[in-house]
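The values are calculated or read from the model by the stated rules, or taken from the named source; none is laboratory data. A quick note: this is a predicted structure, and the numbers were derived from the prediction, not measured. Heads up, the Cβs are rebuilt from the backbone with ideal geometry, glycines too, and the neighbour counts pull from every protein chain shown. Areas reflect the complete protein model, heavy atoms only, side chains present, ligands, DNA and RNA absent. Shrake-Rupley method; radii C 1.70, N 1.55, O 1.52, S 1.80 Å.
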Amino acid sequence: FWDFLILFFCLPVVIFNEITKKRLLGDVSCRIVPFMEVSSLGVTTFSLCALGIDRFHAATSPQASTRPIEQCQSIIAKLAVIWVGSMTLSVPEILLWQLARDTSPVSGMVTEFCTMKPSSNLPESIYSLVLTYQNARMWWYFGCYFCLPVLFTVSCQLVTRRVRGPDKKSESRGAKQGQGEGHLNCTIIALTVIYGLCTTPENVCNIVVAYMSPDVSKQTLDLLNLINQFFLFFKCSVTPVLLLCLCRPLGQAFMDCCCCCCEGCGPDSSSSESSADSKLKTEMSSSIFFDKPRETPPPLLALGTPC
């Protein structure tokens, strides 16, 4: 959902600015766009950490078949902590950026751009905190939004394999359940790889520019910033597709919702029969991905007479 917000709001603003050299929504977009982009990094970072912990608990549980499914309230609480924490850590971005105008020496046109400069109208204590954040922003980006999710995911995968071991894996889980856990682990690793590849250019550029800023022109800095933003948009576009393709229950549920909306949820017998079959398949596949115990279905009654 946050990736959708980035594509829906931030991408048009950036494209409009590059085409017209005017900032859509003015100073508001200069503050909101960086805030949403950094919040997106935080949401992805802490979500990957939460998924790594969840997979570790599922893989190392002594009796995974009787492990109860997590309550919806608990999941919503964790998501709220991830979202609120990510947005809280991104609040300095709102105070750091502001709209600036410059006149082109060639065409004489007034261009608008966003500059990283705290407003002097801020209170002295807040102004000093924003300056401190600006000075430490490069290493904060690199440490929290790059090293933390990558190292955390790799560590969880290695510890899970170490603790579980091949013998315990084969004894405690069936073939289908082990295959389902393998799919989920591959999904988390794929998400981490995509995230790492898309955030690496920005971190490299930040570190290089920090030590070579006097030798880099403003046009080059603007181009690098634009490339970094489009890497973020690429990550936001690929992540949902990757989730729907690799996580089969989620993809099946998404396709069922799309088909239901397209067909108008007609109550005819053929659609109800197909929906029942898809529901059965979804439940069977979801039992692979989520450690939820299933009751044995009642025996089918024989139809017809004894003759």
Condition first: without any contact (Cβ under 8 Å) to a residue 60 or more places away in the chain, under 21 Å from residue 230 (Cα atoms) and surrounded by 17 or more Cβ atoms within 10 Å (Cβ to Cβ). Can you find one or more residues in the stretch 40-52 that meet it? yes
Per the list (1) within 20 Å of the chain's Cα centre (by Cα); (2) modelled with pLDDT of 80 or more; (3) farther than 18 Å from residue 225 by Cβ, residue check on residue 95 breaks on (1)
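Report, by residue number, each residue of the stretch 17-28 that is without any contact (Cβ under 8 Å) to a residue 60 or more places away in the chain and either more than 25 Å from the chain's Cα centre (by Cα) or crowded, with 18+ Cβ neighbours inside 10 Å (or both).
Of everything in the stretch 17-28, those that are without any contact (Cβ under 8 Å) to a residue 60 or more places away in the chain and either more than 25 Å from the chain's Cα centre (by Cα) or crowded, with 18+ Cβ neighbours inside 10 Å (or both) turn out to be 19, 20, 24, 25.
Test residue 60 against the stated conditions and say whether it is of a type outside the set (D, E, K, R), touching a residue at least 12 places away in the same chain (Cβ under 8 Å) and crowded, with 17+ Cβ neighbours inside 10 Å.
Against the criterion (of a type outside the set (D, E, K, R), touching a residue at least 12 places away in the same chain (Cβ under 8 Å) and crowded, with 17+ Cβ neighbours inside 10 Å), residue 60 does not qualify.
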Of (1) open to solvent by 30 Å² or more (accessible area, probe 1.4 Å); (2) at pLDDT 85 or above, residue 195 fails just (1)
When the stretch 234-257 is checked residue by residue, the ones that are of a type in the set (Val, Ile, Thr) and open to solvent by 50 Å² or more (accessible area, probe 1.4 Å) are 241
The one condition residue 25 fails out of (1) on the phi < 0 side of the Ramachandran plot; (2) at pLDDT 80 or above is (1)
